Amino acid sequence: MDLHELTIEQAKKGLEKKEFSSVDLVNAMLDRIDRLDGDIGAFITVDRDGAQNRAKEADIRISNGEASKLPLLGIPLALKDLLCTKGVKTTCASKILENFVPQYDATVVSMLKDAGAVIVGKTNLDEFAMGSSTENSGFHITKNPWNKEHVPGGSSGGSAAAVAARMCTAALGTDTGGSIRQPASHCGVVGIKPTYGRVSRYGLVSYASSLDQIGPITKDVTDSAILLNVICGHDPLDSTSANIETPDFTQAITKFKTDGLKGMKAGIPKEFLSLKGLDPDVEAAFNNSKKILQNLGVEMIEVSLPQTDYAVAAYYVIAPSEASSNLARFDGVRYGFRDRSADNIIDMYKKTKSKGFGAEVQRRIITGTYALSAGYYDAYYGRATRVRAMIRDDFDRAFESCDLIISPVAPTPAFKIGENVDDPLTMYLTDIFTLSTNMAGLPGISVPCSISSNGLPIGLQIMAKRFDEISLIKAGYGFEQSLGLKERFPNI
């Protein structure tokens, strides 16, 4: 097997046995980036020198017998360019931060480095994570490796495309309304959104602070469990970080091998499948996925999430409202882009933001500012937060009768580049199956479940109770093993 094909688990075993070096592994990824990324556009920044230097350090540490102590020693990973990296540009795919270089690492980046990981680069995204297709980047569009006429999903489209094209062993993304799970589905890889609070957000450039969560995008479920073991845990630097014990997530795989999935119940929300616009290939893939889980011993039951009709509307009040507050700091005064043609400070604010932010970011800032304005706060933001509480209650009631909830990840496979770019409402509705998970703070996973009639991947979404990633990984791993799609990658 070529080095770029290896999973984290496989690469770690090879490094420990000295079948190849970290330098070999990292160079294989860098060579593949050189060869493919000019066309795919998964990366914004490639840290060639930094990666090669860390790979050399990793090889010395491996020769000193440290490989068994550090779960990611010598493994090349990529990061969504929304995570602060000391000494390496963090742009958020925005012109306003085009040359911003942080002075510190995000907590998850420090955790990866402490575990021995080698960071090869920063991946493309929809600007400030606002989008579902990675067409809203301030720099370039990312293409889907399965079919370069189609989007990779978003906003973590660069991370998903990089993993699918095997330009890194795995990557981190962020998920505010489906931004890990949807691109993972569209690119045929695995993506996990952990429970809100499970992973520190310190050093993550915020879009919507009450919704954002960092998680892994990997070639298989096992690798996602390995990465979660590294990045999860309480962080006193993040006030939203949950002070809760972190289990060994790989034990979920051991539990499946020992116990299987017999006795588990999966809820199917009747409101999800009554929605209009579900693609026939997605519907067929979901029906087949149900049969596979039933064959594994999972009992299917119908559950109800009555507030589904209001979820998209509530989300697109709450998220833009928080964005308008978070992005107010990018004013051209302290750091980032500043328009120097202005005559006074007010003019400078206006020109800096109108030139520095793209159209979608401006749309959401305006929406959020309006929703928070005097006279409208209670009518919009206040009402949306009450709907959010009702959505959370819906899930709590549903989980009284089941262990998991399953659904498609997206209503269609990846759409063509440019197809929805001028239709914000259609674009927002692509998140219909995923954003409720963020509103309720639940964990969710996307696992490849089928290939569409036109050769594009389709994912199955599995959701679990808060802080029950073990059940999520156990079910995802069992499904993955039974289906056997994990070896399917685009032929590029």
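Net charge dipole, the chain: roughly 420 debye, given to the nearest 20, about the Cα centre with Cβ charges of +1 for Lys and Arg and -1 for Asp and Glu. Counting only lysines at least 8 places from residue 355 when in the same chain, those with an alpha carbon closer than 19 Å to its own are 95.
Projecting the alpha carbon convex hull of the range 217-258 along each direction and taking the average yields 3.6 nm². Each principal axis of the Cα atoms in the range 322-450 has its own extent, and those three values, largest first, are 63, 38, 26 angstrom. Kirkwood hydrodynamic radius of the range 109-156, from the reciprocal of the average inverse Cα-Cα distance over all distinct pairs: 11.9 Å. Taking every pair of alpha-carbon atoms in the range 11-70, give the share separated by more than 15 Å as a whole percent. Looking at the range 11-70, the distances longer than 15 Å represent 53 percent of pairs.
A P(r) calculated from all alpha carbon pairs of the range 227-296, with 5 Å bins opening at zero, reads 3, 12, 13, 13, 12, 14, 15, 13, 4, 0 percent.
By the count of neighbouring beta-carbon atoms within 10 Å, fewest first, 477, 202, 370 end up ordered 370, 202, 477. If you take the Cα centroid of the range 69-99 and the Cα centroid of the range 431-492, the two points sit 25 Å apart. Spatially, the range 166-185 and the range 26-67 are offset by 19 Å when compared through their Cα centroids. So if I take the alpha carbon set of the range 445-492, get Rg, then get Rh from the Kirkwood formula, what is the Rg over Rh ratio? Expressed as Rg/Rh, it is 1.05.
Expressed as a whole percent, the proportion of Cα-Cα pairs in the chain lying more than 28 Å apart is 48%. Straight Cα distances below 18 angstrom link residue 265 to the aspartates and glutamates 299, 302, 394, 396, 400, 403, 468, 469, 480, with same-chain residues fewer than 8 positions distant left out.
Peptides 64-71, 179-186 ranked from most to least packed, by the mean per-residue count of other Cβ atoms within 10 Å: 179-186, 64-71.
Which whole-number percent is the relative contact order of the chain (Cα, under 8 Å, 6+ apart)? Taking the mean separation of contacting Cα pairs over the length of the chain, I get 17 percent. Rounded to the nearest Hz, the phi-derived 3J(HN,Hα) couplings of the range 328-335 under the Karplus curve 6.51 cos²θ - 1.76 cosθ + 1.60 (θ = phi - 60°) are 4, 5, 8, 10, x, 8, 9, 7, where x marks glycine and proline. Over 27 Å apart at the Cα level, from the set 219/255; 12/291; 17/262; 18/193, are 12/291; 17/262; 18/193. Compactness check for the range 1-154: Cα Rg over 2.2 N^0.38 Å is 1.07.
Which entries of 86/122; 148/353; 290/465; 270/416 show an alpha-carbon separation above 22 angstrom in the structure shown? In this structure, 148/353; 270/416 lie more than 22 Å apart at Cα.
Projecting the alpha carbon convex hull of the range 186-251 along each direction and taking the average yields 4.9 nm². Across the alpha-carbon set of the range 99-220, the Rg to Rh ratio works out to 0.94, Rh being the Kirkwood radius.
Here, each number is a calculation from the coordinates, and none is a lab measurement. Source: prediction; values computed, not measured. Every residue, glycine as well, gets a Cβ built from its backbone with ideal geometry; the counts of neighbours run over all protein chains shown.
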